[in-house]
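Following: one structure in structure tokens, then a few remarks.
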Amino acid sequence: MQTYLVGGAVRDALLGLPVRERDWVVVGATPADLEGAGYRQVGRDFPVFLHPTTHEEYALARTERKTGPGYRGFVTEHSPEVTLEEDLRRRDLTINAMARDAGGALVDPYGGRRDLEARLLRHVSEAFAEDPVRILRVARFAARFAPLGFRVAPETLALMRAMVAAGETAALVPERVWQETARALAEPAPQAFLAVLHDCGALAVVYPELERLYGVPQPPRWHPEIDTGVHIGLVLEAAARLTPSPRVRFAALVHDLGKGTTPPAEWPKHVGHEERGARLIDALADRLRVPNDYRELALLVARHHGLCHRALELRASTVLELLEHCDALRRPERFTEFLLACEADLRGRAGFAERAYPQGEYLRAAHAAAQAVELGAAERAGLDGAAIGARLREKRLQALAALRAAQAP
């Protein structure tokens, strides 16, 4: 029985990155051998065991055989005769198909180290085409490693396009699409996830609402990049610079979906795209089972980002209505995320990356002014609940009017 450190731990150590977790492959053993050594089996589809002391995962070397469509159409086989090279061959990318033996020597049968140095995401074998989830994984790895200069190898991108053309991506289930998306949104360059899916054609299958944005023009005065799809990529990039929050990044990604349904006769204007976009977000969230906190923030940004951009021109009453629509007084953390997503929208335009966003600062000040308003006991005397609410709202309007006056040139 031989054990090998495999996958991400080997890759990240070679890149000089922190190793988050360690996975092991066991060659020449049976389940009974590991159970006899005190390991506890946890794998359902194939034998995976937890080390009795470290609780790290040890998997028996295995092979996979395609038996049906989609990513579930596989039979997994394991035996003491399966070699390390056979186990590594079933992996997605060469940079994930390396191992280290007990003495620390690198085992690299498929050129993973070469591709690390060349900054390439390259498939290990043609078996890559048997699992459509790998398209999402490559896009997610692009989101993780793009800041280091990685790109998808041309032959891998061509294979991904062929998989899309063959209809393999139609077998992806909503839960897995969202799982990979959520993980990509937390990576350093989530815009690369979007770009890879668009380049290989998979975006049209898993996110048709986003694919429709490419080629849709916007007014050049406000959008020098013109193309709405290009704009969305820039907005996602700006959001990643502003915050690590995947919720904010998701809201930035989908905030302009309504522009994809504007009749071409109305281009480059997009009157009413906010509410159309909100309906599309609801449908997308239903389809992919997006968590409610992501959905709620995205809906707020879709509906109100235009109002946020005009904050310095708004009357005090309109500012208060915006705070109320966003439930900002009860949910200040979400309002902060709303403002970040709106700022990303402004900065996600050609030449606007370093543009100041005084609207955000003004609305933060307005939120603080409204939240500071209180009614003393004397003011509450003789008033019922509705009257107390009305009086409180009146005082908030006064506070916001005073803030507006103080901000006036």
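The values are calculated or read from the model by the stated rules, or taken from the named source; none is laboratory data. Bear in mind that the values here come from a model prediction, so they are computed numbers and not experimental data. A quick note on method: Cβ atoms are made from the backbone with ideal geometry, for glycine too, and the neighbour counts reach across all protein chains shown.
For the reader, a short list of remarks on this structure follows.
- Number of the exception - L242 against (1) in contact with a Leu (Cβ under 8 Å, 6 or more places away or on another chain); (2) under 25 Å from T261 (Cα atoms): (2)
- Residues within the range 34-55 that are assigned to a helix (DSSP H, G or I) and surrounded by 15 or more Cβ atoms within 10 Å (Cβ to Cβ), tallied: 1
- From the options R404, R393, residue that is surrounded by fewer than 16 Cβ atoms within 10 Å (Cβ to Cβ), part of a helix (DSSP H, G or I) and within 40 Å of the chain's Cα centre (by Cα): R393
- The residues in the range 131-166 that are closer than 20 Å to A204 by Cα and acidic (D, E) can be counted, and the count is 1.
- For the range 139-188, taking the residues that are among the small types (G, A, S), more than 19 Å from R11 (Cα to Cα) and outside any helix (DSSP H, G or I), the one that is modelled with the highest pLDDT is identified as A186.
- Taking the range 302-335 as the range and being without any contact (Cβ under 8 Å) to a residue 12 or more places away in the chain and not charged (D, E, K, R) as the test, the residues that pass are L314, T318.
- Condition check for F193 on (1) in contact with a Lys or Arg (Cβ under 8 Å, 6 or more places away or on another chain); (2) surrounded by fewer than 17 Cβ atoms within 10 Å (Cβ to Cβ); (3) modelled with pLDDT of 95 or more: one failure, at (2).
- When V133 is tested against (1) closer than 26 Å to L236 by Cβ; (2) over 26 Å from the mean Cα position of the chain (by Cα), only condition (2) is not met.
- Within the range 189-231, the set of residues being assigned to a helix (DSSP H, G or I), under 13 Å from the mean Cα position of the chain (by Cα) and within 11 Å of L253 (Cβ to Cβ) comprises P190, Q191, F193, L194.
- Where a residue in the range 349-373 is among the β-branched types (V, I, T) and its partner, wherever it lies, is part of a helix (DSSP H, G or I) and surrounded by 14 or more Cβ atoms within 10 Å (Cβ to Cβ), with Cβ under 8 Å and at least six apart: V373/L392; V373/K395; V373/R396; V373/A399
- Residue that is surrounded by the most Cβ atoms within 10 Å (Cβ to Cβ), among those in the range 336-357 that are more than 24 Å from A408 (Cα to Cα) and of a type in the set (F, W, Y): F338
- Index of the failed condition, R114 passing every other in (1) out of contact with any Phe, Trp or Tyr (no Cβ under 7 Å at 6 or more places or on another chain); (2) under 16 Å from R22 (Cβ atoms); (3) of a type in the set (D, E, K, R): (2)
- The lone criterion from (1) assigned to a strand (DSSP E or B); (2) under 32 Å from the mean Cα position of the chain (by Cα); (3) modelled with pLDDT of 90 or more left unmet by V26 is number (2).
- Pick from the range 358-389, criterion exposed (fewer than 12 other Cβ atoms within 10 Å of the Cβ), aliphatic (A, V, I, L, M) and not in a loop (DSSP other than H, G, I, E, B), ranking: nearest to the chain's Cα centre (by Cα): A386
- The lone exception for A59 - which of (1) modelled with pLDDT under 90; (2) part of a strand (DSSP E or B); (3) of a type outside the set (S, T, Y); (4) surrounded by 14 or more Cβ atoms within 10 Å (Cβ to Cβ) it fails: (1)
- Filter result for I135 (crowded, with 22+ Cβ neighbours inside 10 Å and at pLDDT 95 or above): yes
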